[in-house]
Amino acid sequence: MRSRLPVVLVLPAIAGLAFLLVPLAGLLVKAPWASLPTQLFSAEVGQALRLSLVCASLATVVCLVLGVPLAWLLARGDLPGRGLLRALVTVPLVLPPVVGGVALLLVLGRRGVVGQHLDQWFGISLPFTTAGVVLAEAFVAMPFLVISVEGALRAADPRYEEAAATLGASRWLTFRRVTLPSVMPGVVAGTVLCWARALGEFGATITFAGNFPGRTTTMPLAVYLALETDPDAAIVLSIVLLLVSVAVLAGLRDRWIRA
Amino acid sequence: MTLHAELRVQRTGFSLSLDLTIEPGEVVALLGPNGAGKTTALRALAGLEAGGAISLNGSTWDGLPAEMRPVGVVFQDYLLFAHMSVLDNVAFGLRARGTRKAEANAIALRRLDQVGLAGFAHVKPRALSGGQAQRVALARALATSPRLLLLDEPLAALDASTRLRVRSELGRHLADYPGHTLLVTHDPLDAMVLADRLVILENGRVVQEGSPRAVVRQPRTDYVAHLVGLNFYRGVARGTEVQLDDGGTLTIAEPAEGPVHVVFPPSAVSLFPSKPTGSPRNTWQATVSGIEQHAHTTRVDLDGSPAVLADITTATVAELRLQPGDALWVSLKATEIHTYPQ
Amino acid sequence: MKRVLAFVLLLAGCSTAQPSPSTPNITVFAAASLTESFQKLGKEFEAAHPGTKVTFNFGGSSALAQQINQGAPADVFASAAPANMKQVTDTGAITAAPTTFAKNTLQIAVPQGNPGKVTDLADFAKADLKIALCAEQVPCGAAAKKVFAAAGVTAAPDTLEQDVKAVLTKVSLGEVDAALVYRTDVRAAGAKVEGKDFAEASGAVNDYPIAPLAKAPAEAKDFVNFVLSERGRAVLTEAGFAAP
């Protein structure tokens, strides 16, 4: 207010902030603080938390390995129907995650289009496995990374790539040494979003990978099931997830985004 | 070996057709107004755009992508890689072409030393001044020992005072470079100071070609006349006296020493029927060899020692009743003359 | 900040606004497994009581009980388990004694054609079969646990699903070879799922209680009576429920 911000912006901004923060505050106020430590250090919570962190991180790696090249193709590639392709990439954003999970089952499930061959030829079955959790999370989270990296690539000056070419750099070397470092802030932002989305993933995970403690029960699944019988435990689990993700994201911000 | 280039680029509303020859050690300036096709020509030569066929020493580079061409480019705003150190920038081309890291760094350091920036090897480009960045860009372009050096408006991004100094430094480095150099610029002074030969491009076609002197003396189009309408000489300065290489002596206001370029605009020159008296420090006799009518002024070409171009008003033409062959007195104030170290 | 809170409260007020009392309008909170049969009964009730409108809120019984206790505008509560009904009677939101109106038993659900050749409860212990169960926290999971304990079978599930629908999705897609769900759910899932009765099912019969809320209009009691009537029983039986 001191810098004379217009009221038409300040009021909705404060309302927006309250809208985002009041539910969080509600969680904290209603938390059963007395039983928090025992819940926190119970084997089930530790197991679910560890699985969540591992799966979200692996899913993020999958997204980076596949998503960054895809973003590059969309931003720099000379292919027909690029606009349509760009729109299709965002489909997992608008698709209800449960539908995404069913779609994954239809393709990669035991009777799925691809999955039946994986099962028959290699004996690989993805549903109900930790790999399935990683896949479901990657499916839902990848658009966040692709959109973020693609935006950064489109904003980056392609003349630097030309400069690298005149110095004798192949397109691959140019990508690694010139393009990628110049869009690093976008990649980091996309990675953080992607990881956060994967960490909170519920619908696609439970649909595709099911729910089994230690194998596929991630924190959001544990929260949902706890809500059925023990809302207090659900709140505690939510707070744990909240604290861990805030800690990781804040740490990443300090290390990467300021650098 | 002479470099021959045939540049043919076709785009909607624009076509470029340019044949270039550049001798080893020669600096050719490609001069022209905005949109003439200078940058397109440079990009085609570098392989960044199709349509640049080059033959040199019996080998032909046609349809070769940029990374396969032995070409070095200094871009207008240098395009130094911001996330790499200065040394890594200069070593980048060598590394890309397969030189081992230690050797590439040693060569890069030598190149930096040549441009006087060895002490800046480990800083990031954003810590450099404009002039320093330009020198790093030159070192980077030359690090791979390219056969053809392309400079795209290398001085345009610099402020006026830096420009003066960097221009003479660049001139020295280009003189040392044994390969073929093409300089793209819209600034006639850069072209005349740095280049051995000018190629003037308008609408994708060459309108004139020749040594700076020849182009200045006989501009073939209004654009050329306007653009390169400068009196331009080389000479040796001793204090406030400059002995011109092609004959004649001029008195200058600012003392200088050694080889210099001498420049003054035709509008600074006055013509008198008899020897003038008064403040101007330079007067000499000359003979009218040509008269050319422009929109608001008349340009008079005079033979003498030195030969000179003068822009005078139409009224003066009438008053003096100028005819080719007339003998006149030329007068020029010392303060109108600019000198640049060579 | 005060203004913002007022705004939020205003929004909250909108969602709990009661319908106009001039038209008799009752809201029924019912367990998800009752969806098809109660919708049918609702239409028949509306036809028999012109001007009365019945709206439904189907969901998991425990979620519904929580919603009612938080003040959701329910007039009738039909639960899939006495425990959830008790949560509501404990707070005094329901004062009338709940009546059991239907029973549901477990059935083995297998994909069409029974690719895993599952015949009885003992097959659930086979490691090479893919097995889905409901999570213990939801009623079908609790019932399954009881059945396995009584039969002395140690089930080897691959997944513990969050609700019956999720289990049936996996059965109908053939992702699992067998699951344990209520016979009404097998009936509702259609041709892609086959149901198999098994002897131990009688060990975990699920009672469905119903009751009007204390503050509900008279029509709520009428609806409860309609569910308990002969016609109500017929519709429920058709859906796979057993009589109480």
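Name the shape class, rounded, prolate or oblate, that the alpha-carbon gyration tensor gives for segment C:106-203, where a ≥ b ≥ c are the square roots of its eigenvalues, rounded holds for a/c under 1.5, and otherwise prolate holds if a/b is larger than b/c and oblate otherwise. Judged from the Cα gyration tensor, segment C:106-203 comes out rounded (a/c under 1.5). Legend: mean number of C-beta atoms from other chains within 10 angstrom of residue C-beta atoms, peptide A:210-218, equals 5. Taking 18 Å as the cut-off, the amide N atoms of segment A:153-185 that come nearer than this to a point 7 Å along the Cα-to-beta-carbon line of B:Glu103 belong to A:168-169.
With K and R counted +1 and D and E -1, the other residues having a Cβ less than 13 Å from that of A:Gly123 yield a net charge of -1. Equivalent-ellipsoid semi-axes for segment A:33-191 (Cα gyration tensor, √(5λ), whole Å, largest first): 35, 23, 15. Distance from the alpha carbon centroid of segment B:177-193 to that of segment B:65-89 works out to 19 angstrom. Within 10 Å of the Cβ of each residue in B:47-58, the mean number of Cβ atoms contributed by other protein chains is 1.
Sequence-distant contacts, meaning Cα pairs under 8 Å at least 6 residues apart, place the relative contact order of chain A at 29 percent. Take the Cβ atoms of A:Ala18 and B:Phe14, set R0 to 60 Å, and the FRET efficiency comes out at 0.55. Both radii were evaluated on the Cα set of segment B:83-154; the Rg over Rh quotient, with Rh as the Kirkwood radius, amounts to 0.94. The 3J(HN,Hα) values that the Karplus relation (6.51, -1.76, 1.60; θ = phi - 60°) gives for segment C:214-224 are, in residue order, 4, 8, 6, x, 4, 4, 5, 5, 4, 5, 4 Hz. Gly and Pro appear as x.
Semi-axes of the equivalent ellipsoid of the protein assembly as shown: what are they in whole Å, largest first, if each equals the square root of 5 times a C-alpha gyration tensor eigenvalue?
Those come to 87, 30, 24 Å.
Of the trypsin sites (Lys or Arg not before Pro) found in segment A:173-259, those that fall in a DSSP loop while having at most 16 other beta-carbon atoms within 10 Å are A:Arg258. With K and R counted +1 and D and E -1, the other residues having a Cβ less than 12 Å from that of A:Gly214 yield a net charge of +1. Across segment B:3-227, the relative contact order, built from alpha-carbon pairs under 8 Å that are at least six residues apart, equals 29 percent.
A straight line joining the Cα centroids of segment C:154-200 and segment B:260-322 runs 105 Å.
In this simple spin-label model, placing a label point 7 Å from the Cα along the Cα-to-Cβ direction at both A:Ala25 and B:Arg281 gives a separation of 8.0 nm. The charge dipole of chain B, taken about its Cα centre with unit charges on the Cβ atoms of Lys, Arg (+1), Asp and Glu (-1) only, comes to about 960 debye. Note on B:Ser145 and C:Lys215: their simple-model spin labels are 9.3 nm apart, each label 7 Å out from Cα toward Cβ. A cut-off under 12 angstrom between Cβ atoms defines the neighbours of B:Arg163, and their net charge, with Lys, Arg +1 and Asp, Glu -1, is -3.
Sorting the segments A:107-115, C:207-215 by their mean number of nearby beta carbons within 10 angstrom, highest to lowest, gives C:207-215, A:107-115.
What is the order of B:Met192, B:Met84, B:Met1, fewest Cβ neighbours within 10 Å to most?
B:Met1, B:Met84, B:Met192
The charge dipole of segment B:231-341, taken about the Cα centre with unit charges on the Cβ atoms of Lys, Arg (+1) and Asp, Glu (-1), comes to about 220 debye, rounded to the nearest 20.
Compactness of segment C:73-133 was expressed as the Cα radius of gyration divided by 2.2 N^0.38 Å, which yields 1.80.
Principal axis extents of the C-alpha atoms in chain C (largest first, rounded to whole Å): 59, 52, 31. Taking only the C-alpha atoms of segment B:231-341, the Rg (one decimal) and the largest Cα-Cα distance, Dmax (whole number), read 13.9, 41 Å.
In this simple spin-label model, placing a label point 7 Å from the Cα along the Cα-to-Cβ direction at both B:Thr162 and A:Trp121 gives a separation of 6.0 nm.
A Förster radius of 30 Å combined with the Cβ-Cβ distance from A:Val7 to A:Ala247 puts the calculated FRET efficiency at roughly 0.25. Based on Cα atoms of segment B:3-227, Rg over Rh with Rh as the Kirkwood radius reads 0.97.
For peptide C:174-180, the mean count of partner chain Cβ atoms within 10 Å of a residue's Cβ comes to 3. If R0 is 56 Å, the Cβ-Cβ spacing of B:Glu169 and A:Ser42 corresponds to a FRET efficiency of close to 0.20.
Applying a 10 Å radius around every beta-carbon, put A:73-79, A:33-39, A:50-56 in order of their mean neighbour count, most first. Display every interim value, and only then the final one.
Values: A:73-79: 14.3, A:33-39: 12.1, A:50-56: 20.9.
By packing density, highest mean first, the sequence is A:50-56, A:73-79, A:33-39.
With a ≥ b ≥ c taken as the square roots of the eigenvalues of the C-alpha gyration tensor of segment A:53-107, please select rounded if a/c is under 1.5 and otherwise prolate if a/b is larger than b/c or oblate if it is not? In terms of gyration-tensor shape, oblate.
Applying a DSSP loop filter and a limit of 11 other Cβ atoms within 10 Å to the trypsin sites (Lys or Arg not before Pro) in segment B:296-342 leaves B:Arg321.
Is the shape of segment B:207-282 rounded, prolate or oblate, going by the alpha carbon gyration tensor and its root eigenvalues a ≥ b ≥ c, with a/c under 1.5 for rounded and a/b larger than b/c for prolate?
Because a/c hits 1.5 or more and a/b fails to exceed b/c, segment B:207-282 counts as oblate.
Report the paramagnetic label zone for B:Arg213: residues of segment B:241-269 whose backbone N is under 18 Å from a point 7 Å from Cα along the Cα-to-Cβ axis. Residues passing the 18 Å test: B:242-250, B:259-264.
The numbers here are math on the coordinates, done by the rules we state, and not lab data. Quantities reported herein were computed from a predicted structural model and do not represent experimental measurements. Don't worry about glycine lacking a Cβ; one is built from the backbone with ideal geometry, like all the others, and counts go over all protein chains shown.
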